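Structure first, then comments.
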Amino acid sequence: MRLITLQNATIRHSGTPALESVTFHIDRGEIVTILGPNGSGKSTLLRTLIGALPLSSGSLEKAPGLRIGYVPQKLHIDPTLPLTVRRFLSLPKRIRDDVAEAALADVGIPGLGHRPMAGLSGGQFQRVLLARALLTKPDLLILDEATQGLDQAGSAAFYQKIENVRAQFGCAVLMVSHELHVVMAASDRVVCLNGHVCCEGAPAQVATAPEYKALFGSGTHGTLALYRHEHDHSHECDPACDEHGNHP
Amino acid sequence: MSFFDDFIVLASLAGIGVAIAAAPLGCFVVWRRMAYFGDATAHAAILGVALALTFQTSILGGVLVMALLMAGTISALSGRGYAMDTLLGVLAHSALALGLVAVSFLKGVRVDLMAYLFGDILAVSLADVAIVWSGALLILILLWWRWSSLLTATLNPELARASGISPQREQMIMTLALAIVVAVAIKVVGVLLITAMLLIPAATARTFSSSPERMAVMASLVGSLSVIGGLFASFRLDTPTGPTIVATGTAMFIGASLTAMLNSRGR
C-alpha cells in the first residue's frame, strides 16, 4: 500500500530551489534511506513530506488517515521550559501512565519518566523521541539523522531498534543518514539526493551507480572519508572501522 | 462607601486580573524567546492611544487594533530570513517614538502621557476592572483551549506539524492573546512595563517548577503577589505604583534565583 506519493515537486527556500522536480514514494513496511551531502535537501524533503513546507509546484498525496511519527534531527528545549520525560510523551495528546511506562520500556529506558528532558544523555534523549513517535502507532516513521551525536555502539543499537519497530508495528520507515555502513545493511531502498534525485534503488545497486560515486567518491576512499569525517574524535580503531577500511 | 469604592481594592483587582492573564502568557513568551516581540506589541499601543484620541474613538479599541497590527506584521515577517532580533528592535522603538510624536500633535487634548507610559492603576474605575477581567478571562480560555497544541508548537514546529498541528495557527493565537494583554494592561502598568509583567513572574516561577503547567500557575501567583506587595509598598513609600509593582516582582525574582543557586550548591 502506498503511503505517500510526491510527484515532480519543487520546493523553494526564499526564491532558490532547494529541491527540483523530485518524485518520491514510500510503501507500507518499507525502510527507505535518503543519502546526500550537506545542503542536498534531505531535511527539506522530510519536512515537505510532513507538510511543514509548501510545494512551489508538483503534488503531494498522502494515504487517508496516515499517521506519521516524527523524530527530528535535534530538539532544542529552551532551558526556561521545565519538561519531564513523562510530560513530553503526553504532547500533544495526554496518555495514561501505564502507556507511557510501556512506551519507555519498549525503547529500553524503563522508569525514566520522572527525569527532566534536559538531564538525559544523548542516547536516552533519542530513545525518548522515538518512544513518543511510536505512541501514535504510526504508519510511517520519519527519522531525520536520528543518531547524530550518538557513538557508534549507540547508533548501531538505535538502528537495531528501528528494525524491530518495523517488525513489531509493520510501519514504513523513512530516514536520513550519513552513516553509509548502516544504510547498506538496514535499508530496502536508498534514495540519493543532491537537489534532485540522483539515483535510487536497492543499496547494493546504488553503491555501484556512477551518480553515487560522483557524490561520495568511489570505493574505499569515499566511504572511509565520509566515515572518518563523522568520527573525528575516535581514538581507537574498532572492528567496524577495520571492516570499512578493508572494504573493496 | 461600599467595598468597591475603595481605590486600593479596585487597584488590587485590576492588577491581579492583569497578573493572572499575563503570567501564563508570559511563560510562552519566555519559552518561545519572544521578549522583544512583547516589547514591540506593547510599544505599538502608544501609537494606538494617539490614533484613538485623534479620531475620538475608545482608547481600548485603538490600542487593540495597533497591537494586533504590530503583532501581525511581526508574525508575517518572521521566518522570512530577516534578522529578527534587529527588526524587532527597530519596530519596538520606532513604534514608541512615532507614538510619542503623534501624541504631541494632538491639539486641544490634554494627554497625561505618564499615565500611558507607566500606568495609572490607582485611578482605575469599576468599569476598568470589568474590562481587565473580561480580557483576562478571554486569554485564560484561549490558553486553556490551545494549551497542548501551543506547547507542542513551542517545542518544535516540525514535531507539531507531524502531529497535525499548524504552528502558524498557534503563532496567531499567541499574537491575539498578546494584543489583548497589552490592551487591558496599559491602564495598570503602562506600555513600558507590560513586558515586565509578562517576563518577570515567568522567570521567577521557572526556578521552582518541574512542569510547564506548574510554572504557569506559579507565575500567576508570583504576579499577583507582586501586584499586592507593590501596591502596599507604593502606598507606604509614596512611590509610583506601576514601577513599584514591577520592582517588587524583581525582588521576588532575585530571591528565587538566589535560593535556587544556594540549593544547587548545597547538593
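The residues of segment B:103-125 that are of a type in the set (Phe, Trp, Tyr) and under 19 Å from the mean Cα position of the chain (by Cα), listed by number, are B:TYR116, B:PHE118.
Only one of the numbered conditions (1) touching a residue at least 24 places away in the same chain (Cβ under 8 Å); (2) within 14 Å of chain A (Cβ to nearest Cβ) is violated by B:VAL227, and that is (2).
The listed residues are B:ARG206, B:ARG161, B:ARG214, B:ARG146, and the only one of them that is under 24 Å from B:LEU64 (Cα atoms) and of a type in the set (Lys, Arg) turns out to be B:ARG146. One residue stands out in segment B:156-166 among those that are more than 7 Å from chain A (Cβ to nearest Cβ) and at pLDDT 90 or above: the one that is surrounded by the most Cβ atoms within 10 Å (Cβ to Cβ), namely B:ALA160.
The condition of being in a helix (DSSP H, G or I), touching a Phe, Trp or Tyr at 6+ places or on another chain (Cβ under 6 Å) and more than 10 Å from chain A (Cβ to nearest Cβ) holds for only one of B:ILE180, B:ILE141, B:ILE200, that being B:ILE200. Against the definition (among the small types (Gly, Ala, Ser) and crowded, with 17+ Cβ neighbours inside 10 Å), how does A:ALA102 come out, yes or no? In short, no. Taken over segment B:26-41, residues that are surrounded by 24 or more Cβ atoms within 10 Å (Cβ to Cβ), over 15 Å from B:GLY249 (Cβ atoms) and within 14 Å of chain A (Cβ to nearest Cβ) amount to 2. Screening A:PRO37 on (1) over 16 Å from the mean Cα position of the chain (by Cα); (2) surrounded by fewer than 16 Cβ atoms within 10 Å (Cβ to Cβ); (3) more than 21 Å from A:ASP188 (Cβ to Cβ) shows it passes everything except condition (1).
Residue count for segment A:59-99 under the criterion of being surrounded by fewer than 13 Cβ atoms within 10 Å (Cβ to Cβ), part of a loop (DSSP other than H, G, I, E, B) and either away from chain B (no Cβ under 14 Å) or polar (S, T, N, Q) (or both): the result is 1. Mind checking whether some residue in segment B:247-262 is in contact (Cβ under 8 Å) with a residue 40 or more places away in the chain, touching a Leu at 6+ places or on another chain (Cβ under 9 Å), in a helix (DSSP H, G or I) and more than 14 Å from chain A (Cβ to nearest Cβ)? Yes, that holds for at least one residue.
The values are calculated or read from the model by the stated rules, or taken from the named source; none is laboratory data. Values in this document were obtained by computation on a predicted structure and should not be read as measured data. Note: ideal-geometry Cβ built from the backbone for every residue, glycine included; neighbour counts use all protein chains shown.
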